[in-house]
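Structure, as C-alpha cells:
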Amino acid sequence: MAATVHPLPTSHQSSAVQADRGDWGKLCAELRDRQADKDLAELWHDLSHPERRTLMASANFHHLQRDPRRVIEDMSKADRDAIRASIHRMSRYSSQLRDRLHGEHQHPSRELASHAREALAAGDTEAAMHWLSIIERGIA
C-alpha cells in the first residue's frame, strides 16, 4: 500500500520579500524618494529662513531667486541640485572645522615632547636631550 504525504497546515506564511534580500524594499523606496528630492524637501522644510538664504547664496542663486519662502517643489531640478551640492559643500567644510577645533591633528612635536618627558621621568637626561634637540631643529 502506498503512503500519501499531505503537508500539515502552518500558521507561518511566507513573506513577500525573500529572506536573503534583506531590506531591499526599504532601500528601493529610499532611493525613489531621494530621486524625487523628498529628502531635500524635508530638510528644506525644517530650515529657518536665514539658513535657507545662506544655502541659496552658496548655490549662487541670483538675488531675485533668494526668496526663502520658496518651496523645493517649485524649484527647477537644476536649482534643487545646486541646493543639494551647497549642503554637501557646507557639510564638508563644517566637518573640517570641527576636526580642527577638536585637535585631531595634533602637532608632531607633541609626541616628541612626550618621549622627552618619559626619558626625564626615567632619569635618562641624554635621551631627553635627544628628543628636545629634534624638536628644536624643527624636524617635526
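The values are calculated or read from the model by the stated rules, or taken from the named source; none is laboratory data. All values reported here derive from a predicted model rather than from experimental measurement. We place every Cβ from the backbone using ideal geometry, glycine too, and count neighbours over all the protein chains shown. Accessible surface areas use protein heavy atoms only, side chains included; no ligands, DNA or RNA. Shrake-Rupley method; radii C 1.70, N 1.55, O 1.52, S 1.80 Å.
Assorted remarks:
- Cα-projected label distance for His130 with Leu43, points at 7 Å along beta-carbon direction, nm: 5.2
- Neighbour cut-off at most 14 other Cβ (10 Å), DSSP loop, trypsin sites (Lys or Arg not before Pro), the range 60-132: Arg69
- Computed in the context of the full set of protein chains, the accessible area of the range 38-103 at 1.4 Å probe radius has 54% of its extent on carbon or sulfur.
- Cβ-Cβ FRET estimate between Glu51 and Leu101, R0 fixed at 25 Å, reported to 0.05: 0.75
- Here the range 38-103 is described by how far its Cα atoms reach on the three principal axes: 42, 25, 21 Å, from widest to narrowest.
- Positive minus negative residues near Leu40 (Lys, Arg vs Asp, Glu; Cβ under 14 Å): -3
- Local electrostatic count, Ile135, Cβ distance below 13 Å [Lys/Arg +1, Asp/Glu -1]: +1
- Placing Asp46, Asp79, Asp37 in order of accessible area, with the largest value first and a 1.4 Å probe, yields Asp46, Asp79, Asp37.
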